[in-house]
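Read-outs throughout are calculated quantities, based only on the coordinates presented, and are distinct from any laboratory measurement. What you see is a predicted model, and the numbers here were worked out from it, not measured in a lab. Don't worry about glycine lacking a Cβ; one is built from the backbone with ideal geometry, like all the others, and counts go over all protein chains shown.
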Amino acid sequence: MSERRTALPDAAIRESADSVSLGAVCHCGGVLNESAGADAPVVALVGAPNTGKSTLFNALTGARVTMGNWPGTTVEVSRGVWRTTSATAVCDCAECDCAEKEWKLDITLVDLPGAYSLDPHSPDEALTRDLLLQVPGDGRPDLCVVLADSSRLSHSLYLVSQLREHALKIVVALTMNDIAARRDVKVDVVALERALGVPVVAIDPRQRKGLGPLAEAVRSGLAAPLPDARPVGADPDDPDGLDEERFCWIAEAVEAGTDGHGAQHPSFSDRIDRWALAPFLGPVIFLALMWLVFQITTTVAAPMQDFLDELFTGPITDGTLALFSAVGLSGSWVEGLVVRGLIAGVGMLLTFVPLMTLMFILLAILEDSGYMARAAVVVDRMMRAIGLPGKAFLPLIVGFGCNVPAISATRILPDSRQRVLTALLVPFTACTARLTVFVMVGVTFFGQYAGTAVFVMYLVSIHLVVLCGFLLRRTLWRDMPYDPLVIDLPPYQRPTLRLTASVTWLRLSGFLQTAGGIIVATVCGVWLLQSIPVTSDAAFGAVDTADSAYGVVAQAITPVFGPTGFASWETTSTMVVGFVAKEAVISAWAQTYALDEPAEGEAGDLGARVFADFNESSGGHPYPAALAFMVFLLAYTPCVATLASQWREIGAKWTLFGVVMQLAAAYVLAVAVFQVGRLFW
Amino acid sequence: MPVALKNAPLRSTLVLRQGGAQAELCQRLAVLGLRPGTAFQLVQKTSGGGRMARIGQSRVAIGAELAGQLEVEVNQ
């Protein structure tokens, strides 16, 4: 018994896929299954969109999750550890003496992209099909949990019908049972199980009910031999005949497994949709909600961001400086690395936390409530002009507050190509960090017309999004098929606190893990460049900016900006800093000129120096040069945190492509603005 | 007599005649319950010129362009 217990647990689960004679398998080896390692059984969650798949995934795995793009694709797949404990020993050992605490099995749970069928219409659906059917046996999941919406059962069963045509272990998890009950649809689980030929379990992942029986069913399924594939009474080469046979099978299963045809009177969701989807009022409600999201992510988060910023630049920096002074390292490069590199980097990262948290909370609420599907309908036609679905409007709107959470918000898009395209367009939305620079430059150059100049930047931002989206759609994404709007609208539900918190934490921790390192490393990199003396004999870390590697680089690239009218190294160096964070542009300017930073909304002495510089570098055309500078600032890389976020969402290749595209667009536009502007101004 | 879905009256029983030219789209519609011969109702017009259909207990939003392509027969 003990020999078998240590030898079998994980490997036997895989072996059982090929060996009917093995029968039920002992899973009592708690030690070997302490963590879901390479040998742990793999269970895939599959199902149509909006069936509660991700909710179930979060409920089963908690925080034990890794998220990332599937190798070679931009399709995101979440993996997590599902720690199951059986109420009874699931084994056929003759003399089982396992204690209850040993009846544990850690399962690697994989949340596959939502799919209505195994006939892929997008890369996400193709990945789901490939992982379930195309990869060699060992790479496939050991069992599939297919989620089916009880309130719309027939829609969810097409995928089951296709999976049943293969020798796969399947458990069907019925969700939305409360909604089905409210609609007078009664599901007979036993009858449905008999009709489908696979175990069926009713669950409520939002309330975390029925998860124990689901675990039991999955463990039993893993231990059981492979089921026979469902015989199909149609010619496999006749797709129409196959479909007809599948729909008949589904209809028979629904007939056998459900009672009642459901209430025909308008539901609660119908009554809300009468307003939320109405031709005129729908967009008004949508815009009001988006405005609310924008306001909350910017205004509510701002005081918390200021607090964290002041905490890091104030007490923490002062305390660290005092500490270095006390140990005699004041002014040393070590102090510079710690204060201007590490503390500045971590501080910058943490200032994003309130913003990201609020953003993720709001996204979770909108998704969980069911409104996101309506938003997609309301703005679909407008977004279709740039080849994106209506849902893409949300990240773009959020981008006007901050690009970093906006990039993460692209995750709401179902298709990976749409995610990449939207993530490439988000940096063109003028975030609030750029607004502070626009205001300073606007006040300096345009006085009472500063507001108009800033407004023009927002118009340019919108046009850039539309134009670049249009161009990318008709070049790189030319083959992206026409995808007409057909959305199965889920019923509205009250968002739950637990689910919202769980999803928010999952996304926030993912952001901090991936983006944190990149942000801190880049801030340290800029500090390093500013510390390396190149044209002076000053010591490392004690060099003037102009004589540092940073200053030399800025001076080297300055001639490139000749046609833009702002080719002075003092200006181009701020753009290097602006690559890290736009918030730092004004302070970098002040540092370069050795002047105090002006008060918000004022130009001060700094304004006079900047004006004089622009006047000289533009050959007496400072106004078009200032406009060109604002346009460049708008279009090129927003900040390193955005890059880190892009890297996480769409990978290194597309992030690099985006940087090059933004720089090219920024340069071409700045040159055009200055060259045309100097003719008149 | 068949009419385009976008021209069909609201709250009448409709029967789908033609599920679009693309096979993939036909299958997607069929999975959502819109198969040729299926009876359903249009519940309301949606923003952007689309329609919301009630098929059994489901609500399916259909975009304006697709609503122009689908053919239905008005039963009552």
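Kirkwood Rh and Cα-based Rg: tell me the resulting Rg over Rh for the range A:227-309, rounded to two decimals.
Values: Rg = 25.1 Å, Rh = 18.7 Å.
Ratio value, two decimals: 1.34.
Suppose each label sits 7 Å from its Cα in the direction of the beta carbon; what would the residue A:496-residue A:474 distance come out to in nanometres?
Here the answer is 4.8 nm between the modelled labels.
Show me the helices of chain A, taken as full DSSP H stretches, that run 24 Å or more along their long axis by Cα and average -0.5 or above in Kyte-Doolittle hydropathy.
Details: long enough: A:239-257 (26 Å, -0.29); A:344-369 (38 Å, 1.82); A:450-473 (34 Å, 1.95); A:497-531 (48 Å, 1.10); A:640-680 (45 Å, 1.08).
Span-like helices, by this rule, are A:239-257, A:344-369, A:450-473, A:497-531, A:640-680.
In whole Å, how far is the Cα centre of the range A:436-460 from that of the range B:11-76?
49
Residues of the range A:429-454 with amide nitrogen under 16 Å from the 7 Å Cα-to-Cβ point of residue A:681?
Once the point is set 7 Å along Cα→Cβ of residue A:681, A:438-454 turn out to lie under 16 Å by backbone N, inside the range A:429-454.
Want the number for residue A:281 to residue A:207: 0.36 nm per residue separation, take away the alpha-carbon distance, what's left?
Working: separation 74, 0.36 × 74 = 26.64 nm, distance 3.30 nm.
Stretched out fully, the residue A:281 to residue A:207 stretch lengthens by 23.3 nm.
Evaluate the Kirkwood expression for the hydrodynamic radius of the protein assembly as shown, namely the inverse of the mean inverse distance over all pairs of different C-alpha atoms, and round to one decimal in Å.
On the way: mean 1/r = 0.0347 Å⁻¹.
Evaluated over the protein assembly as shown, this radius sits at 28.8 Å.
What's the exposure ranking of A:649, A:216, going from fewest to most Cβ atoms within 10 Å? Walk me through the numbers before you get to the answer.
Values: A:649 26, A:216 19.
Neighbour counts put them in this order, fewest first: A:216, A:649.
Determine, for A:570, A:244, the number of other Cβ atoms within 10 Å of each Cβ, and report the residues in order from fewest to most.
Working: A:570 21, A:244 14.
Ranking A:570, A:244 by Cβ neighbours within 10 Å, fewest first, gives A:244, A:570.
Going 7 Å from the Cα of residue A:346 along its beta-carbon direction, which residues of the range A:618-661 have the amide nitrogen within less than 14 Å of the resulting point?
The answer is none, because no backbone nitrogen lies closer than 14 Å to the label point.
Neighbour counts of other C-beta atoms within 10 Å: give me A:462, A:365 arranged from fewest to most.
Working: A:462 14, A:365 19.
Final ranking by Cβ density, sparse to dense: A:462, A:365.
Could you work out how much longer the chain between residue A:463 and residue A:226 gets when fully extended? Use 0.36 nm per residue separation minus the Cα distance between them, nm to one decimal.
On the way: separation 237, 0.36 × 237 = 85.32 nm, distance 5.66 nm.
So the extension gain works out to 79.7 nm.
With label points built 7 Å along Cα→Cβ from the Cα atoms of residue A:323 and residue A:608, find their separation and express it in nm.
4.2
For A:375-381, what's the mean count of beta carbons from other chains sitting within 10 Å of each residue's beta carbon?
On the way: counts 0, 1, 8, 5, 2, 9, 8.
Shielding by partners across A:375-381 averages 5.
How much mean residue ellipticity at 222 nm does chain A get from its helices, if each DSSP H run of length 4 or more adds -39500 (n - 2.57) and you divide by all residues, to the nearest 500 deg cm²/dmol? Please list the in-between numbers first.
Working: 29 runs with 371 residues, N = 681.
Roughly -17000 deg cm²/dmol at 222 nm, from the helical runs in chain A.
Using the Karplus curve 6.51 cos²θ - 1.76 cosθ + 1.60 with θ = phi - 60°, what ³J(HN,Hα) values do you get for each residue of the range A:561-566, in whole Hz, with x for Gly and Pro?
For the range A:561-566, the Karplus curve yields 8, x, x, 8, x, 10 Hz.
Top mean-square fluctuation among B:23, B:61, B:39, Gaussian network model of chain B, C-alpha springs under 10 Å?
For chain B, modelled as a Gaussian network with Cα springs under 10 Å, the answer is B:23.
Separation of the range A:550-584 and the range A:619-644 by C-alpha centroid, Å?
Using only Cα atoms to place each centre, the spacing works out to 10 Å.
Can you compute the helix-only [θ] at 222 nm over chain B? Use -39500 (n - 2.57) per DSSP H run of at least 4 residues, normalise by all residues, nearest 500 deg cm²/dmol. Could the numbers behind the result be given before it?
Numbers: 2 runs with 15 residues, N = 76.
About -5000 deg cm²/dmol.
Rg over Rh of chain B, using C-alpha atoms and the Kirkwood radius, what does it come to?
On the way: Rg = 10.8 Å, Rh = 11.9 Å.
Checking Rg against Rh, the ratio lands at 0.91.
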